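What follows is calculated from the coordinates using simple rules that are stated; it is not laboratory data. Note that the coordinates shown come from a computational prediction; the quantities given were computed from them, not determined experimentally. Note: ideal-geometry Cβ built from the backbone for every residue, glycine included; neighbour counts use all protein chains shown.
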Ligand SMILES: [Fe+2]
């Protein structure tokens, strides 16, 4: 009998390969929050195969998803529902300082035929494991955030650095560049991002600063699809409380023609266009009205006992003169994997610069008394505490 079964299995084996198993339609990454403000948030996730997606949500009132129909906001652009594997839904017109409950949904699209689309199953996060976010308070005078840099896809390091963060007191997290090493496949991103989702990103937003390593890899030009960048650029601003955060993109660290880039990069003109954007920004009301201005920029313009590379020089010559003139309170960098504090130096950097170690996190608090930056290493030891008034 056993021999007979083996014979039958072998007989049908060639035919089984003609009917490949369909990949099950599941949510495989996320949800993770992006750009959570006083009245807006973007919720992102991915599924194994293509679908359309939406978010249902309500103000936290002790009720549940089964009490009544909830508003549905679809992932759509230009009036068309987005069909894809990467899903981003932006909720707008929210109330400030309000706790919301949300649930994500995706409906599989097996065939995109416009007249006769073929849908598969609908999936969602469990209504029994509710997810929450709380919109920012209007006119808040206190901001707290956590900064990490140069994690290079090291999920266990991210976990260790963030394990004793006081999340109730944390408004958002910033990755100050090189979260990735090379972006050749989706998993390169999610090896670290899944850990962020497990720890905080379902409820607190993650801001991405593009480091030079995020520009590398065969799908590096797809990075923007996975995140919501407020001005749809890798250089952008966001406001928290009375602080304006400016995120700069320093691009690659060597000359564009370097053999390492295989003739595929063009950062010098990109940084020049960024200069124009920065010049317009410092003339804006949001710049002039901010109580504090903090700049994130992956490649430091200066670093002690390190001879400059082309990327350093570009940041130094293109961005720093504008920031020197405009006046900012602090620049936070990474890239070197070594800590340094560079105090204001007239004629070079008219603002202090902190360069982060890749084995530390920084707890940053800003209020009317000034900025406090505490650097904590992976063993929870406080390495430095700096205050800027
Ligand atoms: Fe770097």
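Of all the options 316, 216, 273, the one that moves most in a Gaussian network model of the chain with Cα springs shorter than 10 angstrom is 273. For region 188-234, the pair-distance distribution built from all alpha carbon pairs, in bins 10 Å wide starting at 0, is 22, 55, 22, 0 percent. The Rg/Rh ratio of the chain, with both radii computed over alpha carbons and Rh defined as the Kirkwood radius, is 1.03. Working from label points 7 Å from Cα in the Cα-to-Cβ sense, the residue 379 to residue 95 distance is 4.9 nm.
Considered as an equivalent ellipsoid built on the Cα gyration tensor, region 27-134 has semi-axes of 25, 15, 12 Å, the largest given first.
Put simply, the convex hull of the Cα atoms in region 86-147 casts, on average, a shadow of 7.3 nm². Taking the Cα atoms of region 60-211, the ratio Rg/Rh between the radius of gyration and the Kirkwood radius comes to 1.00. One Cα centroid belongs to region 335-383, the other to region 68-99; the line between them spans 37 Å. Sorted on the mean count of surrounding Cβ atoms within 10 Å across their residues, most packed first, peptides 88-98, 325-335 read 325-335, 88-98.
Under the simplified labelling scheme, the residue 239-residue 169 pair shows an inter-label distance of 2.6 nm, with each label point 7 Å from Cα along Cα→Cβ. What angle do you read, to the nearest 10 degrees and between 0 and 90, between the alpha-carbon axis of helix 267-282 and the longest principal axis of the chain? So the inclination is approximately 70 degrees.
If you take the Cα centroid of region 42-56 and the Cα centroid of region 168-186, the two points sit 20 Å apart.
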